[in-house]
Amino acid sequence: MAEYSQRGRIIQYMQDAYGTEAEYLWTDSPDSAVFRHPASRKWYAIIMRVLPERLGLSGEQTLDVMNVKCSTIMIGSLLSTKGFFPAYHMNKNHWISIVLDGSVSDDQIIPLLELSYDSVAPKRKKKQTRPAEE
């Protein structure tokens, strides 16, 4: 996996693991891609290029950033870790941004992707039990 950029490796992982393809929805942001759960059609990841100032960083070169759904408790602890930021352009209570510059390893990102993917899967209906007849 090392021959690709981190962005490329993560996209390839989502294609291989979940069978999902990048969807490029915005003509004014052609590098922004969303990834949907195939059963629910809900987004579980968004990859985009943003200016560092959007994340409170300095610099002029755009950064590859991925947003994933995450629990509020997990977001609180991840924000103290290098490479994690409050979600750019998404609900900051349920999403977190990860900079795809190598500061967060693929091994750290993949479990978060799995949690995000699972969180948007269709909910299984509880099997209803009939009351015992008397």
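Quick look at the values:
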| read-out | value |
| --- | --- |
| Cut-off 13 Å between beta-carbons: net charge of the residues surrounding A39, Lys and Arg +1, Asp and Glu -1 | +4 |
| Nearest-ten-degree value, helix 6-18 long axis tilted from longest Cα axis of the chain | 20 |
| Which listed pairs, of K69/K123; K42/K82; K92/K125, have C-alpha distances above 22 Å, in listed order | K42/K82; K92/K125 |
| By accessible area with a 1.4 Å probe, ligands and nucleic acids excluded, highest first: order of I11, I47 | I11, I47 |
| 0 to 90° range, to nearest 10: angle between helix 106-119 axis and the chain longest Cα axis | 40 |
| Compactness of the chain, expressed as Rg and Dmax over alpha-carbon positions, Å | 17.2, 75 |
| Cα gyration tensor shape for the stretch 10-81, rounded if a/c is under 1.5, else prolate or oblate | oblate |
| Assigned charges on the beta-carbon of Lys, Arg, Asp, Glu; the chain dipole about Cα centre (debye) | 720 |
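The values are calculated or read from the model by the stated rules, or taken from the named source; none is laboratory data. For clarity, every value in this text was computed on a predicted model and none was experimentally measured. Here the Cβ is made from the backbone with ideal geometry for all residues, glycine too, and neighbour counts use every protein chain on show. To get the accessible areas, we keep the full protein, side chains included, count just its heavy atoms, and leave off ligands, DNA and RNA. Shrake-Rupley method; radii C 1.70, N 1.55, O 1.52, S 1.80 Å.
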